[in-house]
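Report on one structure; see the data block that follows.
The values are calculated or read from the model by the stated rules, or taken from the named source; none is laboratory data. Quick caveat: nothing in here was measured; it's all calculated off a predicted structure. Reconstructed Cβ throughout: ideal geometry from the backbone, glycine too, with neighbour counts over all protein chains shown.
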Amino acid sequence: MYLSRVIPLLTLYGLVAAAQSSNYMCVKATVNETTVQYALASTGSQTVGWMGIGFGSQMDNTQMVIMWSNSDGTITLSQRRGDGHNLPLVDSNPDRVAALVEAASSTSTSNTTFTFTVDKTNATTQRIIFGFGSTNPRSSSVDADLEEHTGYGSFELNLDGNITSGHSSDPLQPFERMIVAHAIVCILGFLLFLPFGSLLARYVRTFTPMWYTGHWISQFALAGPLIVVGFALGVQSVSSQGVPHLSDDHQKWGTGIFVLYLTQCALGAIIHWVKPKKRPGRPPQNYFHALFGLIIIGLAFYQVRTGYVTEWPNTTGRGDVANGANTVWYIWIVLLPFLYLAGLAFLPKQYRQEADARKGRINSDEHLMTDVPQQYRD
């Protein structure tokens, strides 16, 4: 909102402005004849510890400007160079020296803005990575240690006079294409084939013993490769950005759900191949397996939503995903439970069939015992 009001005013004075926003911070570039002024403004969603940007598409070897406020009201400007997954090191000889603009900066809690200028280049676009940390370094030294970022991402600013704000239409970066592929295959695995396998077991098992074949094909043979590939793409997309793994909730939950899926597959195999010798009723692990599978699908719904609502805009700076994703998500999260609950109508028939099968086994065992001589029965 603030940027949308300021940018048109800047153009009236012969300046060119471009801006991009994430959930944590906004970056505005104001271009004049010799310099570019960058303003890093907090959105107020979290307390500002530090904010920074880098001039490139990934952390490794990218020149950065990182800023934070101090207890005495001053602002530290630290120019650093990315070092892979490690803490960026102070750059004593940057290509462009950044200068703090105190008059355009504010350390107010409700309106934290850090502003600096660098020399202008001939480039009409600038690829930017950004980072937001919620923990203050508590030191005014330019080489102070920084806590890991709360949010990060990248985007491209258009500096040629065409005002941009909030969304970016530049081609997808390689890591962004991996994120898109990661999302597609994980959705197919977790929200298509896993639910289909559950519904297959719920509806078909009372009509044919072949239900198990379709169940494991859907949930393991089809969903499994997609889930493994999707997880690998997610890991690689983080690695290609040069940022730490498991740095936000989406990455942590994704890893956890992946482990839960592998556990569920192992549990299903054990239930199918390792049968108790004495089975007076339905084994408790069968109930657990069904409930555990439903929990995994429920967590997958949550994970998919955080992926397109939070992770994508925060990581790429491209703004929100089209509302069609919301529409499909809401339809599926309502329809799927309805279909499963409707399938519970087959439970009485299933229990009768299982009881009849147990009686058949008992009668068969008793018949065998009558054929055994008395001396071998005792």
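Details
- Filter pass, Ala232 being over 21 Å from Leu267 (Cβ atoms), assigned by TED's automatic domain parsing to the domain that holds Gln353 and modelled with pLDDT of 95 or more: yes
So that you can scan it fast, the table gives a plain yes or no per residue for (1) among the hydrophobic types (A, V, I, L, M, F, W, C); (2) farther than 25 Å from Gly343 by Cα:
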| site | (1), (2) |
| --- | --- |
| Trp211 | yes, no |
| Gly214 | no, no |
| Val229 | yes, yes |
| Gly242 | no, yes |
| Gly268 | no, no |
| Ile296 | yes, no |
| Arg305 | no, yes |
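- Those residues of the stretch 239-258 which are charged (D, E, K, R) and either in a loop (DSSP other than H, G, I, E, B) or not assigned by TED's automatic domain parsing to the domain that holds Phe301 (or both), in sequence order: Asp248
- Scanning the stretch 148-161 for residues that are charged (D, E, K, R), surrounded by 14 or more Cβ atoms within 10 Å (Cβ to Cβ) and in a loop (DSSP other than H, G, I, E, B) yields a total of 1.
- Residue in the stretch 146-153 that is closer than 25 Å to Asp249 by Cβ and over 28 Å from the mean Cα position of the chain (by Cα) present: no
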